[in-house]
Amino acid sequence: MNARRMIMGLCFGLGLLMGAAGVQAQTINDSKYLAGAVPEVNGKVVFSKEYRIPGMNRQEVFDRVVSWMTARLEKNKNNSRVVLQDADKGQVVGIGDEWIIFSSTALSLDRTRILYQLFVSCEAELCRLEVGKVSYVYREGKERYAAEEWVIDKYALNKDKTKLVRGLAKWRRKTVDFVDELCLELADALSAATPTPQELTAQAEAAAAEAQKEERSVANSGTMTIVPRNQVSVTTGAGNATATSNAGNAASHAGNAVGNVAAVQVTGGQVACGGLPPVDPEKKVGSSLLNPSEGRLVIVIGSDPFNMTMMTANAGGSLGTYQGKQVIFTILSPDQPYQQLEAAEQYEVRFYPNGSTEPSMTFRCRKVQGPAPIDGMPRTYIGEIL
């Protein structure tokens, strides 16, 4: 408690000095970090996310969860590891120990270790993730805080719960963003046709959108429905033909859908994907966008051919839907420049098959606000397909 008051006092004093000097801080939209962003269960901080994966049996769900959690925790080193795998009960448990970066410059590095527990329960067509036992080790072990005394509504929000408290704001923001990243990584693992380290570390489906003009975190946005990418097939024949995933049409636009489109229809020589505008049926919409080995996604910013920016989404991307919007996710690796894409309101995404100098598909997109990126992690951009 004394440490909290000291931090808050120092930050308040610094704010007064900056105000006197006429320095104005950039306005930040903190709506997704306000009341309820850090949920409590029986007095303990527990984030939870439920996934529905139509057509996937329990063993497949379990195997993908184990693969994801093992890869996710092994890369952390420290003491991170999977501590329980119970296929009979469909339970997987892991403990994590890694760094969260608050700020990094040539002269200073502000970071904390975050310790946490992952608990995942697996059933047929259903998966539930819980992130709990969250604590922090700050200033090289000199300060230790539990989430329950540091980032919950009681301490991190003002009396009216309309603003974040200075000093604790960075902790709450980074904690919510960190859990969002875990939720998105697991969504990608559950939707991937063949999970690979690249896929497992990519933010395949960043899906934090506005709800009633307020942003919500991924962890607090309700059940996420996922259509496994390897379930989609297309059958063509005389006249009209249809092909759907094993999930059928039930999951096509239910709740939050990520991964591949739920159904592909071939009608009158055109292919319509989950409500997207018709495209040439010879062009592979689903698998080519989801499989980096078949080509590359290129982001094009600007319309002037003599003054445009083109960059490859090195970490891949996918088609999907979120809250009724048809979107395309493009993922930049951590070392790629992103400033121009951050500033852009609209852009194009083109898919170039291997060996081709002409795109087989072009999507004109409007950028949708996504979750704040985590330092050192891939950046996912969401484009509403216009």
Review point. In µm²/s, what is D for region 290-386 at 20 °C and 1.002 mPa s, where D = kT/(6 pi eta Rh) by Stokes-Einstein and Rh is the Kirkwood radius from Cα pairs?
Key: 157 µm²/s
Point to revise | Under 17 Å from the Cα of LYS44 - lysines, other chains or at least 8 residues apart | key: LYS133, LYS154
Exercise for review: Take the Cβ-Cβ distance between ARG166 and SER67 as r, set R0 to 51 Å, and report the resulting FRET efficiency rounded to the nearest 0.05.
Suggested key: 0.80
Review point. If we sort 139-151, 74-86 on the protection proxy, mean other Cβ atoms within 10 Å, highest first, what's the order?
Key: 139-151, 74-86
Point to revise | Spin-label pair VAL41/SER356, simplified geometry with 7 Å Cα→Cβ offset, distance in nm | key: 4.7 nm
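A short reminder: the numbers here are calculations on the coordinates, not readings from a lab. A quick note: this is a predicted structure, and the numbers were derived from the prediction, not measured. We place every Cβ from the backbone using ideal geometry, glycine too, and count neighbours over all the protein chains shown.
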